[in-house]
Amino acid sequence: EVPIAAPEAPREPRPPQRGRVFLSLGEKDGADEGKVRAAVTGFAPEVELLGVEVRGSHSFLLVKPEAVEAVVAALDGKELDGRKLAAEKARRRRSR
């Protein structure tokens, strides 16, 4: 006789493990991962960057979800190399 497995309990949806911040600094500005990390460290030294995705005209900063608002506040409106930065919580990825 085969034992019947108990049905699995529904799982609680897990909160995201990292938050994403949009930053208006990208390859066209001469930025690479090192430059973006240096900018974040300069303006928000207490923030732990989990990752950086540099794109053509902007970057995404990957941080702990609870740090998103602090990162945005630390970077938005600051000036880097004579250019004003814009930072905001990244919107959901577009579905294709």
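The values are calculated or read from the model by the stated rules, or taken from the named source; none is laboratory data. Predicted, not measured: the structure shown is a model, and the values here were computed from it. Heads up, the Cβs are rebuilt from the backbone with ideal geometry, glycines too, and the neighbour counts pull from every protein chain shown. These accessible areas exclude ligands, DNA and RNA; they are computed on the full protein's heavy atoms, side chains included. Shrake-Rupley method; radii C 1.70, N 1.55, O 1.52, S 1.80 Å.
Among the residues of segment 61-72, what is the count of those that are over 9 Å from the mean Cα position of the chain (by Cα) and open to solvent by 70 Å² or more (accessible area, probe 1.4 Å)?
Total meeting the criteria: 2.
Against the definition (in contact with a strand residue (DSSP E or B) (Cβ under 8 Å, 6 or more places away or on another chain), over 15 Å from residue 87 (Cα atoms) and at pLDDT below 95), how does residue 27 come out, yes or no?
On the way: in contact with a strand residue (DSSP E or B) (Cβ under 8 Å, 6 or more places away or on another chain): yes; over 15 Å from residue 87 (Cα atoms): yes; at pLDDT below 95: no.
The answer is no for residue 27.
Output the residues belonging to segment 34-60 that are surrounded by fewer than 19 Cβ atoms within 10 Å (Cβ to Cβ), under 12 Å from the mean Cα position of the chain (by Cα) and small (Gly, Ala, Ser).
Hit for segment 34-60 is 51, nothing else.
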